[in-house]
1. Restricting attention to the range 1-35, which residues are under 12 Å from the mean Cα position of the chain (by Cα), open to solvent by 80 Å² or more (accessible area, probe 1.4 Å) and of a type in the set (A, V, I, L, M)?
2. State the number of residues belonging to the range 38-54 that are open to solvent by less than 20 Å² (accessible area, probe 1.4 Å) and either of a type in the set (S, T, N, Q) or part of a loop (DSSP other than H, G, I, E, B) (or both).
3. Scan (1) in contact with a Leu (Cβ under 9 Å, 6 or more places away or on another chain); (2) over 18 Å from ARG67 (Cα atoms); (3) of a type in the set (Phe, Trp, Tyr) for the single condition PHE41 breaks and write down its number.
4. So, in the range 3-37, exactly how many residues are in a loop (DSSP other than H, G, I, E, B), closer than 24 Å to GLU57 by Cα and without any contact (Cβ under 8 Å) to a residue 24 or more places away in the chain?
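The values are calculated or read from the model by the stated rules, or taken from the named source; none is laboratory data. Being a predicted model, the structure only gives us computed values, none of them experimental. A quick note on method: Cβ atoms are made from the backbone with ideal geometry, for glycine too, and the neighbour counts reach across all protein chains shown. SASA here: full protein model, heavy atoms, side chains in, ligands and nucleic acids out. Shrake-Rupley method; radii C 1.70, N 1.55, O 1.52, S 1.80 Å.
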Amino acid sequence: MDEGALIEPWVVGVYAVDRGQVTLGHKCAIIGAGAIGVMVFLAAKLVGAVDIWIVGERYEIGSFVDRLLK
């Protein structure tokens, strides 16, 4: 059931990447490091974005995103 809670943020993330026309080799910045911001990061990474910046409060980003960025 926990995974179900991530479906909406994932769909919003994929939609944002689609609307922003992010493709292979693009650079992008994500404002906000909550659930939706993380999903935008993952969707952008999946389509091949190479330089992805997440702007948010350090406490909000947490170790999960820190691991993704490495």
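1. Those that are under 12 Å from the mean Cα position of the chain (by Cα), open to solvent by 80 Å² or more (accessible area, probe 1.4 Å) and of a type in the set (A, V, I, L, M): VAL11, ILE31.
2. Summing the residues that are open to solvent by less than 20 Å² (accessible area, probe 1.4 Å) and either of a type in the set (S, T, N, Q) or part of a loop (DSSP other than H, G, I, E, B) (or both) in the range 38-54 gives 2.
3. Against the list (1) in contact with a Leu (Cβ under 9 Å, 6 or more places away or on another chain); (2) over 18 Å from ARG67 (Cα atoms); (3) of a type in the set (Phe, Trp, Tyr), PHE41 comes up short only on (2).
4. The total comes to 1.
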